[in-house]
Structures are given as structure tokens and as C-alpha cells.
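Remarks on the structure that follows.
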Amino acid sequence: LALAGPRPPVLLGLGLATLGTGLVAGATDLAMLMLGILLAMTSAGFAWTPFNNIVSRRLPDETRPSALAIISTGTSLGIAAAGVTALAVGLSGLPWRMAWGAFAAASALAFLTNVIAPREPSGPLGASTPMEPWGTLLHGSAMPLYSIALSFGTTTAIYFSFAADRIEQAGGMPGVPPGSSPAILFMAYGIFGLLGLATGRIKVVTGLSVLLRLLLVGSALSLSFVALVPTSWAGIVLSAGLQGIFVMMMSAILAFWSERLFPQMPARSFTAALIAVAMGSVLGPVIAGTISDIWGARAMFLTTAALSITTLPVIVPRYIRERPGPAV
């Protein structure tokens, strides 16, 4: 797919999203439901990583971080819209399948739009560079990237998997109908996540090391609020907001950091970072579920918050590099 350019994997990703959400909407048994969820989750990897190649080839160096931040933060609008859709469906008494049907329709529209969109133009910036061996991705300068990606995948997967349940089991947010708290959580998550659009500009002001530290502390606070004040409006909105900022800004950082580290293989390097994220996403909820069963949800979220804090020592300025060269 990579040899054919960015268009095929993007279309494949959107096609999988359409098929997956459609299967969930029409699921008649557990196997069909799980297959739909699997396909929908897989779609993101195909549709997202090619943009690193596009940005690397089509844009000048100084504009790439901002462009990649815009691309990754687009997810925030989708999450906010999903929260609004879920809330509307829940309050109106419509079946949950209606929400998934709406997601499938949106995916299909995006797929068709990309089918008829003009193909990538050729030009001086479109020229590709010789690709380096896969082993290059194991360069020591990339180890902080992968370590932070692993921590990021672990903590965000735990938040996505358990935060809404933690709020509902604690009694929900006051003043809202039962079952509505998760939708409000993700609406706040998506709205605050739009600050990810400024990731590139903030990084220029603070430097990569400082920004990474701030985001990890924000992650720890977000998880702590869910643990300690799961029925507080202010606490939950702040928790969701910090988590949205963390996810969107860190996603942008992983995209432009991997591209800067390995400019000759931007899609491959970003894929390597996403593999680390995926490893955390698989292992995190399993371990967290065990901790929750033994010590409770509060202890589980506080332990996860501690993981974000214990990741901070990885951020040693002389090792946080944007490429195998001078530190940032």
C-alpha cells in the first residue's frame, strides 16, 4: 500500500470504519458486534499514518508540526460529535443502534469524498527520498519516543475503558439523566481536545521536553480527578478536558516527533510509535482490570496516574531529540 501512495491506505481505513460501524449498528450476535468493533478500531491505523508521508513530501519543514497537529486533532471534533450523538439518542429514547448508524453514514461520506477528491499533485516537494532499513527505527534517539508512546497508550486506554463506568458506578454526574454522564464526558473531552491545534506553536515556545512534562502531569491529574471526585461536575469536566488535551497534543507530538527523527521514513516511524501505543492499549486495560478487581477502581485510577508521573524521568533534555543529532 505504501508503494502505491497515501490514497489506498486512507481509503482502506475509511472503508473499514464504514464496514465496522455498520456491523455494530446491525449486529445480531456478539461475534458480529466484536468483529465490527475490531474493524472500526483497525481503520484508524490505515487512515492516519499515510499523512506523515504526505506532510513530509508536500510541506516545508517549518510548517510540518502545525500541519500534523491539525490532522491529529481532527479526531477531537469527531469525539465531541459522537458524544453529542450519544446524548441525543439517549435523551430521546432512541435505540443505541441509531448512533452507530450515524457513525457509519459519516464514515461512508468521508470515504466517498476521498474517492472523488483530486489526486495528490506532483511537484518538487512531492519527491520521495530513499528509505532507510527498518533497523534504523531502533536508533537510541528513538527510545524516549517509544517509551512515552507506550505510557501514553496504556493510560489513555485505561481512561477510555473505565472512566465512564467509574462515574456511573459512583452515581453519575448530578442533575443529568442516568446513563448520560459518559456522553457529557466525551463531549468535554472532544471540545477541550481542540487545543491540540496549537501543539506546534506551543512546542516552539516551551520546547519539546517541557511540553511533554506538562502533558504527563495533565494526564496524571485527569486520572486522579476520576479516582477522587467521580460525581463532581467540575472535577469530571476538568478530567475530561485535561485528558482530551493530553491525547490530542500527544498524538500530534508522536506524529511530528517521529517524522523529525526519521525524515526519510515518516510513515514507518510513526507506525513504529503507534505500535508502542497499541501495546500499551492492549496491556493497560488488562492489568488495570486486575488491579480494580483486587483493590477497587479508585486505586486503579490512582495507580494509572502514577504511571504518567513515573514516565517523567524518561524526559531528559539531552536525550529528547527531534532527530539523531542535537537535543531539542
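Somewhere in region 311-327, is a residue in contact with a Ser or Thr (Cβ under 9 Å, 6 or more places away or on another chain) and modelled with pLDDT of 95 or more?
The answer is yes, given that some residue of region 311-327 is in contact with a Ser or Thr (Cβ under 9 Å, 6 or more places away or on another chain) and modelled with pLDDT of 95 or more.
Just give me the residues in region 170-217 being farther than 30 Å from LEU68 by Cβ and either among the hydrophobic types (A, V, I, L, M, F, W, C) or modelled with pLDDT of 90 or more (or both), in sequence order. Full working, then the answer.
Going through region 170-217, the residues farther than 30 Å from LEU68 by Cβ turn out to be 170-181.
Passing the criteria: ALA170, MET173, VAL176.
The rows are residues; the columns are (1) crowded, with 21+ Cβ neighbours inside 10 Å; (2) touching a residue at least 60 places away in the same chain (Cβ under 8 Å).
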{"site": "LEU238", "(1), (2)": "no, no"}
{"site": "ALA252", "(1), (2)": "yes, yes"}
{"site": "TRP257", "(1), (2)": "yes, yes"}
{"site": "SER269", "(1), (2)": "yes, yes"}
{"site": "LEU283", "(1), (2)": "no, yes"}
{"site": "ILE294", "(1), (2)": "no, no"}
{"site": "ARG298", "(1), (2)": "no, yes"}
{"site": "VAL314", "(1), (2)": "no, yes"}
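Does GLY179 qualify as being in contact with a Pro (Cβ under 9 Å, 6 or more places away or on another chain) and not in a helix (DSSP H, G or I)? Steps first, answer last, please.
Working: in contact with a Pro (Cβ under 9 Å, 6 or more places away or on another chain): no; not in a helix (DSSP H, G or I): yes.
Criteria not met by GLY179.
Which number in (1) within 19 Å of the chain's Cα centre (by Cα); (2) at pLDDT 90 or above; (3) under 25 Å from THR85 (Cβ atoms); (4) surrounded by fewer than 19 Cβ atoms within 10 Å (Cβ to Cβ) marks the one condition that LEU242 misses?
If we test LEU242 against (1) within 19 Å of the chain's Cα centre (by Cα); (2) at pLDDT 90 or above; (3) under 25 Å from THR85 (Cβ atoms); (4) surrounded by fewer than 19 Cβ atoms within 10 Å (Cβ to Cβ), just (4) comes out false.
Please enumerate the residues belonging to region 86-98 that are in contact (Cβ under 8 Å) with a residue 60 or more places away in the chain and buried (at least 17 other Cβ atoms within 10 Å of the Cβ).
Passing the criteria: ALA86, LEU87, GLY90.
List the helices (runs of 4 or more DSSP H) that sit entirely inside region 1-74 and contain at least 2 residues that are at pLDDT 75 or above and open to solvent by 40 Å² or more (accessible area, probe 1.4 Å). Break it down into steps so the answer makes sense when it comes.
Details: elements: 7-25, 30-48, 50-58.
Fully inside region 1-74 and qualifying: 7-25, 30-48.
When you scan region 157-166, do you find a residue that is among the small types (Gly, Ala, Ser), part of a helix (DSSP H, G or I) and open to solvent by 50 Å² or more (accessible area, probe 1.4 Å), even just one? Please lay out each step first, then the result.
Of region 157-166, the ones among the small types (Gly, Ala, Ser) are 157, 161, 163-164.
Okay, now just the ones that are also part of a helix (DSSP H, G or I), so 157, 161, 163-164.
If we keep only those that are open to solvent by 50 Å² or more (accessible area, probe 1.4 Å) as well, we get 161.
Looking for residues that are among the small types (Gly, Ala, Ser), part of a helix (DSSP H, G or I) and open to solvent by 50 Å² or more (accessible area, probe 1.4 Å), one finds at least one in region 157-166, hence yes.
State which residue is least open to solvent (accessible area, probe 1.4 Å) when the search covers only region 175-223 and only residues that are closer than 24 Å to SER161 by Cβ, more than 17 Å from the chain's Cα centre (by Cα) and among the hydrophobic types (A, V, I, L, M, F, W, C).
ALA183
So how many residues does region 154-212 have that are of a type in the set (Asp, Glu) and touching a residue at least 24 places away in the same chain (Cβ under 8 Å)? Lay out the reasoning, then the answer.
Of the residues in region 154-212, the ones of a type in the set (Asp, Glu) are 165, 168.
Next cut, touching a residue at least 24 places away in the same chain (Cβ under 8 Å) only: 165.
Matching residues across region 154-212 total 1.
The values are calculated or read from the model by the stated rules, or taken from the named source; none is laboratory data. Here the structure is a predicted model, which means the values were calculated and not measured. Cβ: placed from backbone, ideal geometry, glycine included. Neighbour counts: every protein chain shown. What goes into the accessible areas is simple: the full protein's heavy atoms, side chains included, and nothing from ligands, DNA or RNA. Shrake-Rupley method; radii C 1.70, N 1.55, O 1.52, S 1.80 Å.
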